[in-house]
Amino acid sequence: MMSNATPNQITPGNDHLKRLVVALERRTEGQSKLLHLIAESLQGIEAHLRQIALSSNPAPNYQRPLSEYHGFDWSSIGAGILKEDGDGVSSVEWNGQVFTRRSPNNKFDAAIWFSRCVGKDADGNNRYVRLITFKAASDAEPIAAKAKKAVRA
C-alpha cells in the first residue's frame, strides 16, 4: 500500500526525521568547534615543547669535514640560510635561533663554525654554543698498551 503523502508534507515520521537531522547538525557543529579548540591547544603544546627542547639542547655542535662547508645541505640539520656573502653562508636559523659564522685566524687548525651567544659565565665572559663545526679530521692517537691488552683478552 502506497502512502498518499508528498515528500514535503509533514507527517509524524517525517517530522521526527527533520528533528533528528537538526539535532545531528547541532551535534556535528559542536564537535567541530571542540575539535578546533583541541587543535589550537595542541599547537600551543607543540610550541611549548619546542621551547623546552631548545632550552635543554641549545645547540648540538655537529661535526663535519671542512671540505663540506661550501656544499653543505643546511636542511639536513633543520637549519635555514639567512645570509650569504663571498665566503658562503654567513648566518643560519635553527630552532628559531640565529647562528653566525666564525673562523678565527689563530694558531689552531683551520675551522669554520656557527655559534651564538647564550649569556655570560661567572667571570662575565660571553658564553657561546655551536650549531655546527667544519674542520679537518684529526689523526687518531695510538691505542695505549693496556687498552690493547684489554681488547685482546
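FYI, it's all coordinate maths here, none of it is from the lab. The model shown is predicted, which means the values in this text are computed figures rather than measured ones. Heads up, the Cβs are rebuilt from the backbone with ideal geometry, glycines too, and the neighbour counts pull from every protein chain shown.
Some notes on this structure:
- Only aspartates and glutamates eight or more places from Lys83 in sequence, or on another chain, were considered; those with a Cα closer than 16 Å are Asp73, Glu93.
- Of (1) 13.0; (2) 10.4; (3) 25.0, the label for mean projected area of the Cα convex hull in nm² derived from the coordinates: (3)
- Net dipole in debye of the chain [+1 Lys, Arg Cβ; -1 Asp, Glu Cβ; about Cα centre; nearest 20]: 640 debye
- Ranked list, fewest to most other Cβ atoms within 10 Å of each Cβ, for Tyr69, Tyr62: Tyr62, Tyr69
- Listed by chain and number, the aspartates and glutamates placed with their C-alpha closer than 19 angstrom to that of Lys18 are Glu29; residues fewer than eight positions away on the same chain are left out.
- Counting 0.36 nm for each residue step from Ala122 to Leu34 and taking away their Cα separation leaves a gain of 26.7 nm.
- Region 94-123 and region 128-153: distance between their alpha carbon centers, rounded to Å: 23 Å
- For region 76-153, applying the loop criterion from DSSP together with a ceiling of 16 other beta carbons within 10 Å to the chymotrypsin sites (Phe, Trp or Tyr not before Pro) yields Phe108.
- Positive-end extreme of charge dipole, the chain - chosen from Gly119, Trp94, Gly78 (charges on Cβ): Gly119
- Charge tally in the Cβ shell below 11 Å around Ala79, where Lys, Arg are +1 and Asp, Glu are -1, Ala79 excluded: -2
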